[in-house]
Amino acid sequence: MNNPILTLSSSPHIRDNTTVHSIMRDVVIALIPATLAGIYFFKFRAALVILTSIISAMASEALWQKLTHQKVTIKDLSAVITGLLLAFNVPPTIPLWMVVIGNMFAIIIVKQLFGGIGQNFINPALAGRAVLLASWPVAMTTWTLDGQTSATPLAILKSGHGNLPSIFNVFIGNVGGCIGETSALALLIGFLYLLYKRVISFHIPVFYIGTVALLTTIIGRTSFMNGNGIYEIFTGGLMLGAIFMATDYSTSPMTKKGQIIFAIGCGLLTSIIRIFSGAYPEGVSYSILIMNLIVPIIDKFTIPKKFGEVK
């Protein structure tokens, strides 16, 4: 009976050194290229927005946990990521007090009121952005580059007026837009790092981006099969949303099959909003938030039954 093969122990049986802190640390590292790109293209104002956003997110979490007599968990870096992602989703000209309000809503209402990390049912940073966009649409849609107000590539595609930036400028991020979304190159570097560290899998980003590329090419902005899907995937918040927000553990499906369904749904909604909405040129934020709400249903039909389970 001393045979170790027959020794029983409680689960989990497979362990590694992965912790919440180590995962969040890797996400922060993956966001550094996009952070540097945002500061490079949007200058000091972008750095100020990013710093304000991170500090207000951490302060909101610490204050709430202190007031509710909980353990303060800001050292796990999850609040840092929420603040950084919210900063990535706003223009560099946004008033700083709006950034603070967005983070208070994201951290306290969306995250902490539902039980803290891992318990939120929608992405906190995207929820904060949605509230800011609904409350102050002008401030959230005023874009500048090199001190001059300019339309984003998606706004030009939507209106059909103006000169589109070259695909090179769109790829590296030398265009107007939100702080962290413009440089596809920087975001892809972060994506490769997350894949290397096995923090995320390729399923959601690849199927999400691929769906948008396919549908925008087939449907087209002006006529059938006349779209430019490659240009579409490098513009707006698609790369940022697909890589860093749709892959959030607590708001995405558990299985690979479910993740693919989720990603295709995000891509479908994003394409529909981009092409057919009346005036709103982007669809990433609302698409992910809508699909976040459907995740429990996706999990219900994609999680395998327990071995030996009967009705």
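I'm trying to understand the selection: among the residues of the stretch 234-271, which are surrounded by fewer than 24 Cβ atoms within 10 Å (Cβ to Cβ), over 12 Å from the mean Cα position of the chain (by Cα) and outside any loop (DSSP other than H, G, I, E, B)?
Selection gives SER250, LYS256, LYS257, GLY258, ILE260, ILE261, ILE264, GLY265, LEU268, LEU269.
Restricting to the stretch 17-64, name every residue that is charged (D, E, K, R) and crowded, with 17+ Cβ neighbours inside 10 Å. Reasoning before the result, please.
Initially, the stretch 17-64 is screened for residues charged (D, E, K, R), giving 25-26, 43, 45, 61.
Those that are charged (D, E, K, R) and crowded, with 17+ Cβ neighbours inside 10 Å: ARG25, ASP26, ARG45, GLU61.
So which pairs qualify, if the first residue must be in the stretch 269-292 and on the phi > 0 side of the Ramachandran plot, the second must be assigned to a loop (DSSP other than H, G, I, E, B) and at pLDDT 90 or above, the Cβ gap must be under 6 Å, and the two must be at least 6 apart or on different chains?
Short answer, once both residue conditions are applied: none.
Can you tell me which condition LYS256 does not meet? The list is (1) farther than 26 Å from ASN169 by Cα; (2) at pLDDT below 90, and all the others hold.
Of (1) farther than 26 Å from ASN169 by Cα; (2) at pLDDT below 90, only one is false for LYS256: (2).
Please work out if ALA184 is surrounded by 15 or more Cβ atoms within 10 Å (Cβ to Cβ), in contact with a helix residue (DSSP H, G or I) (Cβ under 8 Å, 6 or more places away or on another chain) and farther than 29 Å from GLN259 by Cβ.
Against the criterion (surrounded by 15 or more Cβ atoms within 10 Å (Cβ to Cβ), in contact with a helix residue (DSSP H, G or I) (Cβ under 8 Å, 6 or more places away or on another chain) and farther than 29 Å from GLN259 by Cβ), ALA184 does not qualify.
Here is a check on your reading of the model: is ARG198 on the phi > 0 side of the Ramachandran plot and out of contact with any Pro (no Cβ under 8 Å at 6 or more places or on another chain)?
Considered against the rule, which asks whether it is on the phi > 0 side of the Ramachandran plot and out of contact with any Pro (no Cβ under 8 Å at 6 or more places or on another chain), ARG198 comes out as yes.
Within the stretch 9-19, identify whether any single residue is assigned to a helix (DSSP H, G or I), at pLDDT below 95 and over 18 Å from the mean Cα position of the chain (by Cα), and answer yes or no.
no
Is it fair to say THR216 is surrounded by 21 or more Cβ atoms within 10 Å (Cβ to Cβ), closer than 24 Å to ILE264 by Cα, of a type in the set (Val, Ile, Thr) and at pLDDT below 95?
On the way: surrounded by 21 or more Cβ atoms within 10 Å (Cβ to Cβ): yes; closer than 24 Å to ILE264 by Cα: yes; of a type in the set (Val, Ile, Thr): yes; at pLDDT below 95: yes.
Spelling it out, THR216 is indeed surrounded by 21 or more Cβ atoms within 10 Å (Cβ to Cβ), closer than 24 Å to ILE264 by Cα, of a type in the set (Val, Ile, Thr) and at pLDDT below 95.
For residues that are without any contact (Cβ under 8 Å) to a residue 12 or more places away in the chain and either touching a Leu at 6+ places or on another chain (Cβ under 9 Å) or under 20 Å from ILE50 (Cα atoms) (or both), tally how many sit in the stretch 179-215. It would help to see each step written out before you state the result.
First, the residues of the stretch 179-215 that are without any contact (Cβ under 8 Å) to a residue 12 or more places away in the chain: 192, 195-196, 198, 202.
After this cut, where a residue has to be either touching a Leu at 6+ places or on another chain (Cβ under 9 Å) or under 20 Å from ILE50 (Cα atoms) (or both) as well, the list is 202.
Counting residues in the stretch 179-215 that are without any contact (Cβ under 8 Å) to a residue 12 or more places away in the chain and either touching a Leu at 6+ places or on another chain (Cβ under 9 Å) or under 20 Å from ILE50 (Cα atoms) (or both) gives 1.
Does VAL80 qualify as being over 22 Å from HIS21 (Cα atoms) and at pLDDT 95 or above?
no
Select, from ILE288, ILE272, ILE298, the only residue that is at pLDDT 90 or above and over 22 Å from THR141 (Cα atoms).
Working: ILE288 fails: over 22 Å from THR141 (Cα atoms); ILE272 fails: over 22 Å from THR141 (Cα atoms).
It is ILE298.
Being more than 9 Å from ILE204 (Cα to Cα) and among the charged types (D, E, K, R) is the filter here, so list the residues in the stretch 234-266 that pass it.
ASP248, LYS257
Could you please give the count of residues in the stretch 194-205 that are farther than 23 Å from PHE168 by Cβ and in a helix (DSSP H, G or I)? Walk me through it before giving the result.
Here is the first cut: in the stretch 194-205, the ones farther than 23 Å from PHE168 by Cβ are 194-204.
The next check asks that each one be in a helix (DSSP H, G or I); those that pass are 194-196, 203-204.
The qualifying residues number 5.
The values are calculated or read from the model by the stated rules, or taken from the named source; none is laboratory data. Computed from a prediction, not measured in an experiment: that's the story for all the values here. Counting neighbours? That spans all protein chains shown, and the Cβs are built from the backbone with ideal geometry, glycine included.
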